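Here is the structure we will look at.
The values are calculated or read from the model by the stated rules, or taken from the named source; none is laboratory data. The structure displayed is predicted, hence computed values, not measured ones. So basically every Cβ, Gly included, is an ideal-geometry build from the backbone, and we count neighbours across all protein chains shown. For the accessible areas, the whole protein counts, side chains as well, though only heavy atoms, and no ligand, DNA or RNA atoms are used. Shrake-Rupley method; radii C 1.70, N 1.55, O 1.52, S 1.80 Å.
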Amino acid sequence: ATLTERIIKRITVDNADISNMLIVTFTRSAAADLKLKIFNAITAELAQTTDAAVASKLSAQLANINNASICTIDSFYYELIKSHFTECDVSPTFRIIDEGEYKLIAKSTVNEVIDEFYENEPNFSAFADCFASVKDISGLGDKLLKVYSKLSSSTEGIEYLKRYAEITSS
């Protein structure tokens with residue numbers, strides 16, 4: 001509600017153009033919801049105004065709302081990189097991996113790493129046994145991916161794991 005109010009104030013008081021704004025949210029759902037709230041707020045302002053100049057400005061904003069950058073953080077960066085791929089030294093055909101592909105690649109990669117460690121690290125079996133006596137590679141891979149997911153979503157990351165190891169070993 002606060003963000004919507006601020007945007008409406010920028011449009012009505014500061015004479016800003018919504019198509020020149022960058023409005024960023026965390027989820028697609030929130031972006032779509034915000035776009036609808038802004039549309040409804042502009043429509044409400046338009047219904048209340050008696051000033052022809054203000055009405056004209058608000059009508060223009062309604063027409064421009066589909067040109068507004070109301071998006072998620074990741075889609076904003078995706079579009080930015082897509083528009084400037086040469087400056088970013090990225091292939092023009094790059095794309096963002098979808099969740100299914102990510103899971104397949106992650107599982108394949110972790111299983112390759114596990115195979116490598118079993119072959120080259122004599123103490124790896126003892127390490128693997130720490131994960132609830134996992135007997136097969138896929139089970140161990142799933143456990144390691146869960147640990148990775150937990151650590152990557154933690155602001156402390158690997159420091160959390162080190163601290164946890166210290167607590168449990170004492």
Over the range 148-165, the set of residues of a type outside the set (Lys, Arg), in a helix (DSSP H, G or I) and either at pLDDT below 85 or at positive phi (or both) is LEU151, SER152, SER153, ILE158, GLU159, TYR160, LEU161, TYR164, ALA165
Margin query: Among the residues in the range 94-117, are any touching a residue at least 24 places away in the same chain (Cβ under 8 Å) and over 28 Å from the mean Cα position of the chain (by Cα)?
Written below: yes
If we scan the range 87-96, do we find a residue that is open to solvent by 80 Å² or more (accessible area, probe 1.4 Å) and closer than 30 Å to ASP17 by Cα? yes
- With respect to PHE39, determine if the residue is open to solvent by less than 90 Å² (accessible area, probe 1.4 Å), touching a residue at least 12 places away in the same chain (Cβ under 8 Å), out of contact with any strand residue (DSSP E or B) (no Cβ under 7 Å at 6 or more places or on another chain) and assigned to a loop (DSSP other than H, G, I, E, B). no
Handout entry: Check on LYS57, farther than 22 Å from ALA1 by Cβ, assigned to a helix (DSSP H, G or I), open to solvent by less than 60 Å² (accessible area, probe 1.4 Å) and without any contact (Cβ under 8 Å) to a residue 60 or more places away in the chain
Key = yes
Going through the range 18-29 in order, the residues found to be out of contact with any Leu (no Cβ under 7 Å at 6 or more places or on another chain) and surrounded by 15 or more Cβ atoms within 10 Å (Cβ to Cβ) are ILE18, MET21, VAL24
Of the residues in the range 119-137, those that are in a helix (DSSP H, G or I) and modelled with pLDDT under 90 come to PHE124, SER125, ALA126, PHE127, ALA128, ASP129, ILE137
Contact list, first residue from the range 146-170 and of a type in the set (Val, Ile, Thr), second anywhere and at pLDDT 80 or above and part of a helix (DSSP H, G or I), beta-carbon distance below 8 Å, six or more apart or interchain, is ILE158/LEU151
